[in-house]
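Down below is the structure, laid out as C-alpha cells.
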Amino acid sequence: MQSQADLMPPSSASPSDPLLRVEGLHVSFRHPVDPPTEALRGIDLTIERGEMVGLVGESGAGKTTLARAIMGLVPQPGRIDAGTISFRGQVMADLGDDALRAIRGRNLAMVIPNPRSELNPVLTVGEQIGNVVRHHLGLGRSAARAAALDMLKAVSIPDPARRLDAYPHELSGGMAQRVVIAIALACSPAFVISDDATSGLDVTVQAQILDLLRTLIRAKDSSALFITRDIAITAHFCDRIVVLYAGEVVEVATVDTFFDRPTHPYSLMLLAAFSHSADLRRRWTVPPDETLPGAGEGCVFAPRCVRRQPRCTSEHPALRRLGDARAVRCHFPVGI
Ligand SMILES: Nc1ncnc2c1ncn2[C@@H]1O[C@H](COP(=O)(O)OP(=O)(O)OP(=O)(O)O)[C@@H](O)[C@H]1O
Ligand code: SF4
Ligand SMILES: [Mg+2]
C-alpha cells in the first residue's frame, strides 16, 4: 500500500529553515452587508524545531484563526488575503491538494476542546487510531491495532486493551480527550497545535492532560503551539510566548523574560488580571468609562491603554525587535 508519506513533495528545506514560518499573514471574514472582520492583520511568527510556543490573547484576538490558517483550514467565509505560511521551508500555498493533505495528516496535528465532536461515534477507539496510522504510515491491520494499543498506553488510558474496542460514548470527557490526543500524536507529527484543548474539563483533569501532552510532544521532539486564554498555563508549558491582540502580534518573548519583564501594556494588563493584587489590576486597566473609541490609523490597543500618548492614536506601531527572541509592538514599551 502506498502511504501518504510517499506523496510528500521533495523538500527544498535547509537545516537553517525554522519548522514553521508565518509571514505577513492577513485573514478576513466576509459578511453579506457589514465590512469584513480583519481577524489577522499581518502576522509574522517563526517556530523552531523542538520549540513550544504559547499563543495568548483574549477571546476574538484571532488565535483559532491563526491555528486554522496554519492547518490550511480557514473556514468559510474566511480567506487569506495576503502572506505566506511555510513548513520546513516549503510554502504551503505552492503545494497541490494531495501534498498538502499528506503534510497535514502526517506532520501537523491540532487538538481542540470538545473531544466528542472530534470522534466518530460509530467506530471503536482502536479503529479510529488505527485508521490514522494505516492511512498515513501505511501500516497493515494488525500492526495498526498494535500501534493503537501503544498510543492508548502512552496517553495513560486505564485498561487500554479493553478500551481499544470501546465506542466514544463509553468514555468520560477526560478519557475522550486522551483518545483525541492519541489520534493526533499517533503519527508523531512534527508540529502540534493545542487550541484551548482542555477547556471544559475539570481543573485536575486539565492539568493531567496538559502534562501528558507536553511529555508526549517532548518525547517525540515535536514543536507545539499552545493556544490559551489562561496565561498562567504558558508559564509551565512553553519556551516562548506570543501575545496576540486584535489580530496583531504585540509581544514575543521567552517565558522567563516575559514573566520577569513584560514590555507591552496589554501584556501587563493580562498579567495583572491574573494577579492577586487589586492595585496592580487598577494600575494597568483603563476603567470602561474612560476607554476611547477606535484609534483609527494608530495603535489598536490605544483605546484601552493606560500609557497612550498623542502619537499612539495617529501612528501605527511596528513590531520592533528588542533582541534575538524578543519583540514588541508599542511606541512606549514598559522598561525599555
Ligand atoms: N467562521 C467565522 N465567521 C465569521 N467571523 C469569524 C469566524 N471565525 C472567527 N471569526 C472572527 O474572527 C475574529 C477572531 O476569531 P478567533 O476565533 O480566531 O478568536 P480566538 O482568539 O480564537 O477567540 P477565543 O479565545 O474565543 O477562541 C473574531 O472577530 C471572530 O468573530
Ligand atoms: S503604542 Fe501607545 S497606545 Fe499602543 S500599546 Fe504602546 S503606549 Fe499603548
Ligand atoms: Mg479560539
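The values are calculated or read from the model by the stated rules, or taken from the named source; none is laboratory data. None of these values were measured; they are calculated from a predicted model. No Cβ is skipped: glycine too gets one built from the backbone with ideal geometry, and neighbour counts run over all protein chains shown.
Look at segment 143-170: where a residue is touching a residue at least 60 places away in the same chain (Cβ under 8 Å) and a partner is part of a helix (DSSP H, G or I) and charged (D, E, K, R), sitting 6+ places away or on another chain with Cβ atoms under 8 Å, you get Val155/Arg178. Sub-8 Å Cβ pairs linking a first residue in segment 250-272 that is farther than 19 Å from His236 by Cα to a second residue that is part of a helix (DSSP H, G or I), at least 6 apart or interchain, are Val250/Tyr266; Val250/Ser267; Pro265/Trp284; Tyr266/Arg304; Met269/Trp284; Met269/Arg304, ordered by first then second residue. The C-beta contact set for segment 58-71 (first residue on the phi > 0 side of the Ramachandran plot, second residue more than 16 Å from ligand 2 (Cβ to nearest atom) and not aromatic (Phe, Trp, Tyr), distance under 7 angstrom, 6+ apart or interchain) comprises Gly62/Ala39; Gly62/Leu40. Whenever a residue of segment 284-312 is touching a residue at least 40 places away in the same chain (Cβ under 8 Å), it has no partner that is within 16 Å of ligand 3 (Cβ to nearest atom) and assigned to a helix (DSSP H, G or I) lying with C-beta atoms less than 9 angstrom away and at least six residues away or across chains. Is there a residue being modelled with pLDDT of 90 or more, surrounded by 22 or more Cβ atoms within 10 Å (Cβ to Cβ) and of a type outside the set (Phe, Trp, Tyr) anywhere in segment 197-213? No - not one qualifying residue is present in segment 197-213. Restricting attention to segment 270-288 and to residues that are surrounded by 13 or more Cβ atoms within 10 Å (Cβ to Cβ) and within 16 Å of ligand 1 (Cβ to nearest atom), the residue that is nearest to the chain's Cα centre (by Cα) turns out to be Leu270.
The residue that is nearest to Met110 (Cα to Cα), counting only those in segment 69-95 that are surrounded by fewer than 19 Cβ atoms within 10 Å (Cβ to Cβ) and near ligand 1 (Cβ under 8 Å from one of its atoms), is Pro75. Filtered by the rule that a residue be surrounded by 19 or more Cβ atoms within 10 Å (Cβ to Cβ) and assigned to a strand (DSSP E or B), segment 289-336 gives Ala327, Val328.
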